Amino acid sequence: MAYLWEEMEDQSDRTHFSPRVTKDVVEEELFHLRRDLFSGHDMVFFDTTSLYFEGAGRKTIGHSKDHRHDLHQMIVGVILDNEGNPLCSKMWPGNAADVKSLIPVMDRLGRRFANRKFCIVSDRGMISKETMAYLEQEHIPYILGTRMRMVKQIKEEVPSRAGRYREVRP
């Protein structure tokens, strides 16, 4: 496992919390092996969760979704293609905010997999004005979940669009 996290000599594609490691090359090679003339990733799904651990490792206390604030945390993010296959994963220190993770992941995704045309689907934890501005500026289509009652524009505008809105559950 340690081999997968060894840093590569070429760090031109690194992000703030994520140096380029051997794992990145493995993910890219697996993508190219599965790829054919018609494959692509028109839609990608991104989510994060926190993991806690005991013992040695990168030690950061962060927000625990498992209510284990006494243990060290890591944040893991995974991007899946539209068939549910994992494209790549990232890890951050446990105190990294979900809302700050989407922009570096999206910026790097197109370069790593040589595809700029995809729609990102993610949950409400990724929404911020900065994230929305980035997606608009880069012309990246997106579907970001939100709670209707939390955003005035959604609460008023979406239900008034006939045929484009259906309540899944009350």
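The values are calculated or read from the model by the stated rules, or taken from the named source; none is laboratory data. It should be emphasised that the depicted structure is a prediction, and the values quoted were computed from it without experimental measurement. Here Cβ is always computed from backbone atoms with ideal geometry, including for glycine, and neighbour counts include all displayed protein chains.
Is there a residue being of a type outside the set (Lys, Arg), modelled with pLDDT of 85 or more and closer than 24 Å to residue 35 by Cα anywhere in segment 90-112? Within segment 90-112, not a single residue is of a type outside the set (Lys, Arg), modelled with pLDDT of 85 or more and closer than 24 Å to residue 35 by Cα. Once segment 30-58 is narrowed to residues that are among the aromatic types (Phe, Trp, Tyr) and modelled with pLDDT under 80, the residue that is surrounded by the fewest Cβ atoms within 10 Å (Cβ to Cβ) is 38. Within segment 82-104, being surrounded by fewer than 17 Cβ atoms within 10 Å (Cβ to Cβ) and part of a helix (DSSP H, G or I) holds for 99, 100. The set of residues in segment 105-142 being surrounded by fewer than 17 Cβ atoms within 10 Å (Cβ to Cβ), within 15 Å of the chain's Cα centre (by Cα) and part of a loop (DSSP other than H, G, I, E, B) consists of 123, 128, 141.
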